[in-house]
Amino acid sequence: MPSINVVRLDGSVDSVAVDPEGTLMEAIRDAGCDELLALCGGCLSCATCHVHIDPAFADRLPPMSEDEDGLLDMVDNRSPHSRLSCQLRLDDSCEGMRVTLVEVG
Amino acid sequence: MEQQAQDTERDYFTDLSVLRDPYEYFESIRERGGVFRSTLRNLVVVTGFEESVEVLRNTEDFSSANAPQGPAVPLPFTPEGDNITDQIEAHRGEFLGGDLLVAYDGQQHKFSRSILNKLFTPSRLKANEEFIQSYSAQLIDEMVAKGGCELINEVATPFVTLVIADLLGVPADDREHFREVIDNAPPPGNMEADAPPSFDENSPLVVMGTYFFQYVMDRRENPREDILSELSNATYPDGSTPDALEIVRLATFLFGAGQDTSAKLLGNSIRRLAEDHALQDELRADPRLIPAFIEEVLRMEGSTKMTARLAVRDTSIAGLPVAAGTPVMIAVAAANRDPKRWENPEAFDMQRPRLREHLAFGRGAHTCAGAPLARVEVRILLEHLLAKTSRISLDEAHHGPQGARELDYEPSFIIRGLSKLHLVLAP
Ligand code: HEM
Ligand code: FES
C-alpha cells in the first residue's frame with residue numbers, strides 16, 4: 001500500500017496510505033481532509049476532487065479519459081498537473097508522491 | 001427547560017403535521033442544537049450542516065446498515081460492548097434492506113460503488129440525452145395540448161421510469177410491467193403501514209430482481225451497448241468478477257432508487273414555479289438559470305428529508321458522546337436550512353455562493369450515485385415545460401385558492417414530495 005504526501009489547503013502535509021483497491025479520492029477523503037469535497041462521490045461529474053500531482057509521478061498514473069479532461073476544463077485553477085483524484089488508483093510505484101489539494105473555484 | 005422540550009417533542013415518524021410541514025418541525029427542534037439526543041425514540045438527531053457532514057463523512061464510526069429501514073426501527077440485536085461491527089455483520093440480513101447498496105459498509109461498499117461510479121459519466125448521459133429530449137418533448141406537448149395534467153402520475157413518474165429503463169437497456173415489453181409494480185407499492189419510508197414494511201414477493205425490488213437476473217445472464221453471453229451489459233461484465237478493483245446475483249441487486253436497486261426521488265423533485269420544482277409566475281418568466285427568458293434553480297429547490301425542498309446511520313463504536317458528533325449501537329437520524333432537509341451555513345436560509349435565492357454543496361444528495365461515500373442523471377432529466381423536462389407554456393398554474397379545482405391551498409404529501413418519513421400536482425398549462 002503506497003503512502004503519499006497530501007498538501008492541504010493550509011499548507012500542512014499529511015501522510016496518507018492509499019489502498020490500491022480504492023481511489024486516491026477515497027483515501028484522501030477517508031483520511032479526514034475535509035476540504036476535498038468530492039461532492040459527487042466519484043461519479044466523474046463534480047470536479048471537486050481536483051488535485052495537482054507531483055510532475056515526477058505523472059507517467060505512473062492511469063491516462064486521462066475524455067470525460068475527465070472535459071470536466072477539468074470547467075475548473076478555475078487547472079494546471080498541466082491537474083487530475084481528478086476519483087479517477088486514480090495508485091500502485092506501489094507511487095510511494096512518496098506529493099498530491100496538492102486545490103481550492104474549489 | 002430540557003424537560004419541557006422533551007414533553008412537547010412531536011414524533012417525526014408518525015405525526016402528520018410534521019409530514020405536511022417538515023421544515024417548520026425542523027426549525028422547532030433546531031433550538032436544541034445541531035445535534036441532540038431525542039428521548040422519544042432513543043436516537044440522536046442531527047439538524048446542523050457541519051454536524052451532518054461530519055457524520056456522513058465518518059464511515060469509520062458510522063454504519064449505513066440502517067439507512068433503508070430508518071433510525072426508528074428497532075435493531076435486530078441488543079448492542080453489546082463498545083464496538084458492534086461483528087454484531088452488525090452477523091445480523092445484516094435482518095436489517096430491512098440491509099443487503100442494498102445504500103446499506104453496505106467498508107470494502108463491500110467500495111467495490112460495488114466502483115462499478116456504479118462508471119455508469120453515469122458525462123459521455124454516457126450525453127449519448128442518452130437524445131432519448132430524454134424527445135420523450136420529454138412528447139409528454140409535454142401532449143399535456144399542453146389538453147390544457148393541463150396531473151403532473152406526478154401523468155408526467156413525472158412515467159418519465160423517470162422510462163429514462164432509467166432506456167439507460168439500463170430494459171426491453172420495451174417489460175417496462176410497462178415494472179411501472180405497474182412500482183405504482184402499486186408504497187413509497188420508501190411509508191408512514192401509513194400498520195406493520196413494519198417488508199420486502200415480500202410482491203415488492204418491486206423482488207419482482208424486478210427476477211427480470212434483472214435474466215438480463216444479466218443474457219448480457220454476460222451477449223454484451224450490447226447498454227448499461228446492463230457494462231454492469232454485467234464489470235470487474236471489481238482487485239480484478240475479480242462479481243457474482244451475478246450481486247449485479248442483479250445493483251441493477252435492481254439502481255432502477256428503483258431513482259424513481260420516487262426524481263419524480264418528486266420534478267413535483268417540488270414545478271409546484272414552486274406554478275406558485276411564482278415571476279420566477280417562471282425569469283427562467284423562460286434565460287433557461288441557463290435552470291440548473292441553479294434546480295440546486296436551490298434541492299436545498300429548500302429536496303426530495304429526501306433524512307437518512308440514517310448506526311454508531312459502530314463509542315464515538316461523538318460535534319462533541320456529543322454517542323455510544324455504539326445508537327441510531328442517528330441525519331435530517332438533510334434541516335441541514336440545508338441551517339442558518340449557520342446558509343445566509344437567510346428561508347429565502348429562495350439561486351445566486352447563493354457554493355450552493356451545490358447542499359446535502360440533498362447526501363455526502364461522502366454514499367453520496368447519491370444517480371445525482372448526475374437526476375440533474376439532467378429534471379433540467380430537460382423543465383426546459384421543455386417552460387419553452388412550451390406561457391403560464392403554469394396550480395389547478396384551483398383540485399388544490400383550492402391561493403392562501404388556502406390543499407396539497408397532499410406522500411406519507412413517507414424519507415421522501416418529501418406531492419402525491420398529486422394538478423396543473424393548468426397555457427400554451
Ligand atoms: C432528486 C433525486 C434524488 C435524490 C434527492 C436522491 C437522494 C439520495 C440520497 C440523499 C442518497 C444518500 C443516502 C445515504 O447516504 O444514506 C442517495 C443514494 C443513492 N441514490 Fe439517489 N437520489 C436521487 C435520484 C437518484 C437516481 C435517479 C438514482 C439512480 C439512477 C439514484 C441512485 C442512488 C444510489 C445507487 C444511491 C446509493 C449510493 C451509495 O450507497 O453509495 N438516486 N440518493
Ligand atoms: S468526486 Fe466528483 S468528479 Fe471526482
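The values are calculated or read from the model by the stated rules, or taken from the named source; none is laboratory data. These figures come from a predicted structure and were not determined experimentally. Here Cβ is always computed from backbone atoms with ideal geometry, including for glycine, and neighbour counts include all displayed protein chains. Only protein heavy atoms, including side chains, enter the accessible area calculation; ligands, DNA and RNA are left aside. Shrake-Rupley method; radii C 1.70, N 1.55, O 1.52, S 1.80 Å.
Observations, loosely collected:
- For region B:291-427, the dipole from Cβ point charges (+1 on Lys and Arg, -1 on Asp and Glu) about the Cα centre works out to 420 debye, to the nearest 20.
- Filtered trypsin sites (Lys or Arg not before Pro), region B:54-158: DSSP coil and at most 14 other beta carbons within 10 Å: B:K146
- Put simply, the Cα atoms of region B:305-347 extend 39, 21, 8 Å along their principal axes, the longest span coming first.
- Residues whose placed amide H lies under 5 Å from that of B:G417, excluding near-sequence neighbours: B:E410
- Surface/4 of the Cα convex hull for region A:11-51, nm²: 3.1
- Percent of Cα-Cα distances greater than 18 Å, calculated over region B:115-157: 45
- Ligands, DNA and RNA are left out, and with a 1.4 angstrom probe the accessible area of region A:3-101 is 41 Å² per residue.
- Across the options B:I294, B:G97, B:A335, the greatest Cα extent toward the positive end of the charge dipole of the protein assembly as shown (unit charges at beta carbon of Lys, Arg, Asp, Glu) belongs to B:I294.
- The contact residues of region A:1-33, meaning those that lose at least 30 Å² of 1.4 Å-probe accessible area when all protein chains sit together rather than their chain alone, are A:E21, A:E26, A:R29, A:D30.
- Chain B, relative contact order [Cα under 8 Å, separation at least 6], %: 28
- Only helices reaching 24 angstrom along their own axis (Cα) with mean Kyte-Doolittle hydropathy no lower than 0.0 count here, and for the DSSP H runs of chain B these are B:204-221, B:244-275, B:371-388.
- Fraction of antiparallel bridges per DSSP, region A:3-101 only, in percent to nearest 5: 80
- 23 Å tail of the calculated P(r), region A:3-101, as % of Cα pairs: 14
- Reducing region A:7-29 and region B:225-304 to their Cα centroids gives an inter-centroid distance of 29 Å.
- Heavy-atom surface of chain B, accessible at 1.4 Å and reported per residue (Å²): 42
- Under 5 Å, built H, 5+ apart or other chain: amide partners of B:V322: B:T315, B:S316, B:I317
- Shape class of the protein assembly as shown from the alpha-carbon gyration tensor: rounded, with the ratio a/c of largest to smallest axis under 1.5.
- Remark: relative contact order (chain A) = 40 percent; criterion is Cα-Cα distance under 8 angstrom and separation of 6 or more residues.
- The equivalent ellipsoid that matches the C-alpha gyration tensor of region B:318-421 spans semi-axes of 31, 19, 16 angstrom, in descending order.
- Placing +1 on the Cβ of every Lys and Arg and -1 on the Cβ of every Asp and Glu, with no other charges, gives chain B a dipole of roughly 1000 debye about its Cα centre.
- Cα convex hull volume per residue for region B:16-426 (Å³): 147
- Residue (of A:L9, A:A58, A:L37) at the positive-pole extreme of region A:3-101, dipole from beta-carbon charges: A:L9
- Restricting the calculation to Cα atoms, every distinct pair contributes to the Kirkwood radius of region B:229-338, found to be 17.9 Å.
- Overall form of region B:1-111 per C-alpha gyration tensor (a/c, 1.5; a/b vs b/c): prolate
- The residue list B:A311, B:F213, A:S93 was ranked by how far each Cα lies along the charge dipole of the protein assembly as shown toward its positive end, using unit charges on Cβ atoms, and A:S93 comes out on top.
- One compactness figure for region B:372-424 is 1.38, namely its Cα radius of gyration divided by 2.2 N^0.38 Å.
- Size descriptor, Kirkwood hydrodynamic radius, that averages inverse alpha-carbon separations across region B:71-167, Å: 17.5
- What a 1.4 Å probe finds exposed on the protein assembly as shown is 50% carbon and sulfur by accessible area, rounded to a whole percent.
- Rounded to the nearest 20 debye, dipole of the protein assembly as shown from Cβ charges on Lys, Arg, Asp, Glu: 700
- Among beta bridges from DSSP that stay inside chain B, the antiparallel ones total about 90%.
- Total accessible surface hidden between B and A, rounded to 100 Å², 1.4 Å probe: 2000
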